Amino acid sequence: MTRHTVPVSILYSTTGAYASLGREALAGAMAAISEVNADSSLAFRIEPRIDDPAGRAERYALLSEAAIRDHGCRHVIGTITSWSRKDVLPIVERRGALLWYGFPYEGYEASESAIYLGACPNQHLLPLFDHMLPRYGQRPFIVGSNYIWGWEINRLAREVTEAAGGQVVAERFVPLGSTEIEHLIAEIHQKQPDFVLCNLVGESATAFIAAYHALRETVSVPPVATCNVTELELENLDVPARAGHISTSIYFDDLDTPENRDFKARMALRHGRERRLTTSFVGAYMSVSILARAIADAATDAPDAIRGTVTSRLFDTPIGQVGIDPRTQHASLRPHLAFSDRNGEFRIISSAPAAIEADPFLVHALGKPAVGRDNTGTVLKVIK
């Protein structure tokens, strides 16, 4: 059987301020493409068009436009930051293409030209604060990268804290990619918050955690909590600095399910058994694999047909079965909370009992008596 070729744009910054995230996502996308292309039962092969915007704002729109116009790509797998996603969305909307976005983000967005496979606030921030506020206290210090992700997550964190009767000790921003954070550490030492919410991205997050550890070697300080820090940000730290941080994600390498065990076994054949997998890798992998199965079902890569297919069935993934809401085109996802150890691995301490339907505009979530609950009202449960 002759297999036809489907060109797909892969758009991640593998150089620049958050290059490690981009390299991880590219590896995940290419792993999925390799599996698709090795499957002779499929009538098509995926031909990746790989571009590196290098973390530069002006390059995302240019590269996505060229991939669609000049190379026939009707699907863009990519972007990490919210400003890069928002630069690409007008391009795919105008060109009738589809963007596949697999990273956690701040919500308050829904486009018919995007499939959102990353968690939104009711799937990350609210479960995190449902855990942190009653256990550590209601006086967080909040720091974020100075762009839409940091602005919106900081704002939501402040609203959730105040709704619970607490008060944000301070809210600070750092330029995206900046590692100059000593002033934040001094202020945290002075104000003694109950915990720190870190919404920094890439190198900024790594620098902050390293400096925060230097402080905790001299005085007792509360933990760092985060919605977006992964094993990637920890791996370049000294061993003691890696431990003791709380993160929420839809995927951790530690996830002990049949789906993830099978997935890790397949990835070990490709990358080796020492390779830790992260949500960045898995988000990109899921984007490609779900797209491929939708193309097989629809017998076309036409975005309108793919949109109808992905919102009308469930897909088996490394994180379990995933469904995509036809109203918002966001995935229902199961959040986990994890605690980092000295090896730089996150060990899951609690999980939602089931996938939580995305509520990107927080129409329902913020109106509930207790934040961080799923749409059945059930809180995260401890895994024994």
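Can you give me the Cα centroid spacing of the stretch 67-112 and the stretch 186-239 in angstrom? Each part reduced to its Cα centre gives a spacing of 31 Å. Taking 10 °C and 1.306 mPa s as conditions, the stretch 163-256 diffuses translationally at an estimated 113 µm²/s according to Stokes-Einstein applied to its Kirkwood radius (Cα pairs).
Ordering of 245-253, 192-200, 298-306, 325-333 by packing is 245-253, 192-200, 325-333, 298-306, highest average first (other Cβ atoms within 10 Å, averaged per residue).
Between Pro335, Pro258, Pro140, where does the largest GNM mean-square fluctuation fall for the chain, given springs only between Cα atoms within less than 10 Å? Of Pro335, Pro258, Pro140, the most mobile in the Gaussian network model is Pro258. Sorting 128-137, 277-286 by average packing, meaning the other beta carbons within 10 Å per residue, from highest down gives 277-286, 128-137.
Just the protein heavy atoms count here, and of the accessible area of the chain at 1.4 Å, carbon and sulfur take up 50 percent. Along the axis of the charge dipole computed for the stretch 146-244 (Cβ charges of +1 for Lys and Arg, -1 for Asp and Glu, origin at the Cα centre), the listed residues Ala163, Ala243, His213 are led at the positive end by Ala163.
Counting only Cα atoms, the size of the chain along its three principal axes is 67, 41, 41 Å, in decreasing order. The three principal axes of the Cα atoms in the stretch 92-236 give end-to-end lengths of 56, 35, 22 Å, sorted in falling order.
For the stretch 40-128, the Kirkwood hydrodynamic radius from C-alpha pairs, put into Stokes-Einstein at 37 °C and a viscosity of 0.692 mPa s, yields a diffusion coefficient of 235 µm² per second. Using the 1.4 Å probe convention, the accessible area of the chain works out to 39 Å² per residue with neighbouring protein chains retained. Go ahead and run the numbers for FRET between His4 and Arg155, Cβ-Cβ distance against an R0 of 45 Å, rounding to 0.05. Approximately 0.45, to the nearest 0.05.
Taking the Cα centre of the stretch 135-181 as reference, the dipole from Cβ charges on Lys and Arg (+1) and Asp and Glu (-1) amounts to some 160 debye. Overall, the stretch 19-73 carries a charge dipole of about 80 debye about its Cα centre when +1 sits on the Cβ of Lys and Arg and -1 on the Cβ of Asp and Glu, all other atoms neutral. The local environment of His75, defined by Cβ-Cβ distances under 12 Å, has a net charge of +2 under the rule Lys, Arg +1 and Asp, Glu -1. Its Cα centre serving as origin, the stretch 3-125 has a Cβ charge dipole (Lys and Arg +1, Asp and Glu -1) of approximately 200 debye.
As a calculated quantity, the FRET efficiency between Asp304 and Asp262 at R0 = 25 Å, using C-beta atoms, amounts to about 0.15.
Ranked by the mean number of other Cβ atoms within 10 Å of their residues, highest first, the peptides 154-164, 223-233 fall in the order 223-233, 154-164. Compute for the stretch 1-78: radius of gyration divided by Kirkwood radius, i.e. Rg/Rh, restricted to C-alpha atoms, rounded to two decimals. Expressed as Rg/Rh, it is 1.03. Label sites at Asn236 and Ala354, each approximated as a point 7 angstrom past Cα along Cα to Cβ, lie 4.2 nm apart. Spin-label model, Arg327/Ala54: points 7 Å from Cα along the beta carbon direction are separated by 4.4 nm. In whole angstrom, the stretch 237-376 maps to an equivalent ellipsoid with semi-axes of 28, 23, 11, each derived as √(5λ) from the alpha carbon gyration tensor and ordered largest first.
The values are calculated or read from the model by the stated rules, or taken from the named source; none is laboratory data. As the structure is a prediction and not an experimental result, all values here were calculated from the model. Here the Cβ is made from the backbone with ideal geometry for all residues, glycine too, and neighbour counts use every protein chain on show. Please note that ligands, DNA and RNA were not included when accessible areas were found on the heavy atoms of the full protein model with its side chains. Shrake-Rupley method; radii C 1.70, N 1.55, O 1.52, S 1.80 Å.
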